[in-house]
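For reference, the structure discussed in these notes is given below.
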Amino acid sequence: MSIAYGSIIAFLFRGLNILIALATVVVTSNSLGVDGRGVFVLGATAVGIVTAVSGGLTAAVAYQVANQRRKPGDVLANGELIAGSVGVVAIAIGIAGGSVFAGEASRVSLAVGAASAAVIVNGVLAGVYLGNDSLVRYNVCLVAPPLLAAIGIVSVIFVAGERTPEAALGAYAAGQWAATPILVALGGWRMVLAGVSFERTLTRRMVTFALMAGLSSAISYLNYRADTFVVDHFKGQSGVAVYSNAVYIAESLWQFSGSIALAAYARLGALDREDAAELTTRVMRHTLIVLLAVCTALFIFADIIVDLLFSPEYHAMAGALRILLPGTLLFGMAAAFSGFFVYNRGKPWISAVVAGVGLIVDMILCFVLIPSMGVDGAATASAVAYAVAIVAALIVFVYDTKMSPVRIFKFTRADIDDYRVLIGRLRDAWSRRGALSSQ
């Protein structure tokens, strides 16, 4: 499968995910009020941090299946043993938080804990499918939980009439758990029925890898979410609502780059180092082309999009969005970089170091710029941090692979062949459709 063709498959699902997330953003923004939206964002951000950390377990599972050639059923069983244990802790913390915290934090604590537990459990299933190169099943794992969560949120707001952030987050958690049996039915149950074994060595290796990869994911996530808490400190929940929506729209573009990188992940685990490096650079080049086109369009139509989807309270989003876009464009290459070091080199800590550099830059600039510039200051800090992080990543990649910077960005025949294969497959599919319709 060519990178371009695999990317189309992945983006069909991720495009749906963008629409689901956008619907959730619009509904909660216009139904909960600007302050209620701010509380919802802070709760969702807490779940997002857990999601980022549990992404290390997803990566560990995928690495064992794709790179170490372990039996998927064994990896799934051992992975869910880890996930279940951590999930119980997450729920317990959520219950305890109801007594420890005050105000809105107390009311949303259990929902955040329950949603976090579901994310961890579902992440193991996603990792098995990804490592097994089952892209459709893996992408269903990405789409089903937010889809059911969105349905739940719409139901509690418009059917039950509960227009509060705690009700919305509760529905979000319920939707995440409702997706679990669906994801198991995709094939996980067959892996278990085929026979599994619990191995202490396998579990220990997965935990070790997951801790390293989870640290990397957490730092990466904080690199583009920690500023939300700084905005809350200086500008309150209304500032969080405005800024988080601008960030969501900008970062939704990474669904494009993530789709391209996803098409290569399973192969990265099986290729030798040199071939994996070549494949990574191809993904980077495809990413830049796609994101440049989309970022340009979004920059031009930012005001129209914001005015069309959101109430006047969110008008400041447009300026922050435009500031974010250059950094978003450059950092789109990070998905390919991370895939190379996680799935081929087995060194997720390298991504953590690079993301940590960006996080430090982001935090310093946030405290300098937000007091005077508000959400635009947060956007500026993030854009600069994205750029610094990707430059650091490229330096590390060049050093590790001994590949010249020119070679990274130079288009080759393989790049052109990707698009030729894509066009050919689309043409064949259209021809088959025409033949069937004429019968």
Taking the alpha-carbon distance from LYS402 and a cut-off under 23 Å, which lysines remain once sequence neighbours fewer than 8 residues away in the same chain are dropped? LYS347, LYS410
Could you list the residues of region 164-186 with an amide nitrogen less than 18 Å from a label point located 7 Å from the Cα of SER106 in the Cα-to-C-beta direction? 165-167
Quick one: putting +1 on the C-beta of Lys and Arg, -1 on the C-beta of Asp and Glu, what dipole do you get for region 9-129 around its Cα centre, in Debye to the nearest 20? 300
Within region 37-115, DSSP-loop trypsin sites (Lys or Arg not before Pro) with at most 14 other C-beta atoms within 10 Å are ARG69
What residues from region 144-174 fall in the zone where the backbone N is under 12 Å from a label point 7 Å along the Cα-to-C-beta line of LEU16? 144-148
With a Förster radius of 56 Å, plug the Cβ-Cβ distance of PHE411 and PHE198 into 1/(1 + (r/R0)^6) and report the FRET value to the nearest 0.05. 0.70
Starting from the 7 Å offset along Cα-to-Cβ, what nm value, one decimal, do you get for the label separation of VAL391 and VAL88? 4.9
Inter-label distance for HIS315 and HIS233, nm, one decimal - labels placed 7 Å from Cα along Cα-to-Cβ: 3.0
How high is the relative contact order of the chain, in percent, with contacts defined as C-alpha pairs under 8 Å that are six or more residues apart? 22
As a test of the formula, what do you get for the chain when each DSSP H run with n ≥ 4 contributes -39,500 (n - 2.57) and the sum is divided by the residue count, at 222 nm and rounded to the nearest 500 deg cm²/dmol? -29000 deg cm²/dmol
Give the cross-link partners of LYS235 among the aspartates and glutamates, using a straight C-alpha distance below 20 Å as the criterion and excluding same-chain residues fewer than 8 apart. ASP35, GLU104, ASP227, GLU313, ASP362, ASP376
Full extension from ALA96 to THR208: what is 0.36 nm times the residue separation minus their Cα-Cα distance, to one decimal in nm? 37.5 nm
Charges on Cβ only, +1 for Lys and Arg, -1 for Asp and Glu, centred on the Cα centroid of the chain; of ILE157, GLY327, TYR129, which one is farthest towards the dipole's positive end? TYR129
For the chain, which longest stretch is free of loop sites, where a loop site is one of the chymotrypsin sites (Phe, Trp or Tyr not before Pro) that DSSP puts outside H, G, I, E and B and that has at most 16 other Cβ atoms within 10 Å? 302-410
Any chance you could run the full-extension gain for ASP400 through TRP189? It's 0.36 nm times the residue separation minus the Cα-Cα distance, nm to one decimal. 72.0 nm
To the nearest 20 debye, what is the magnitude of the charge dipole of the chain about its Cα centre, counting +1 on the Cβ of each Lys and Arg and -1 on the Cβ of each Asp and Glu? 1300
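Only the coordinates and a few stated rules stand behind these numbers; no lab work does. It should be emphasised that the depicted structure is a prediction, and the values quoted were computed from it without experimental measurement. Glycine gets a Cβ as well: all are built from the backbone with ideal geometry, and neighbour counts include every protein chain shown.
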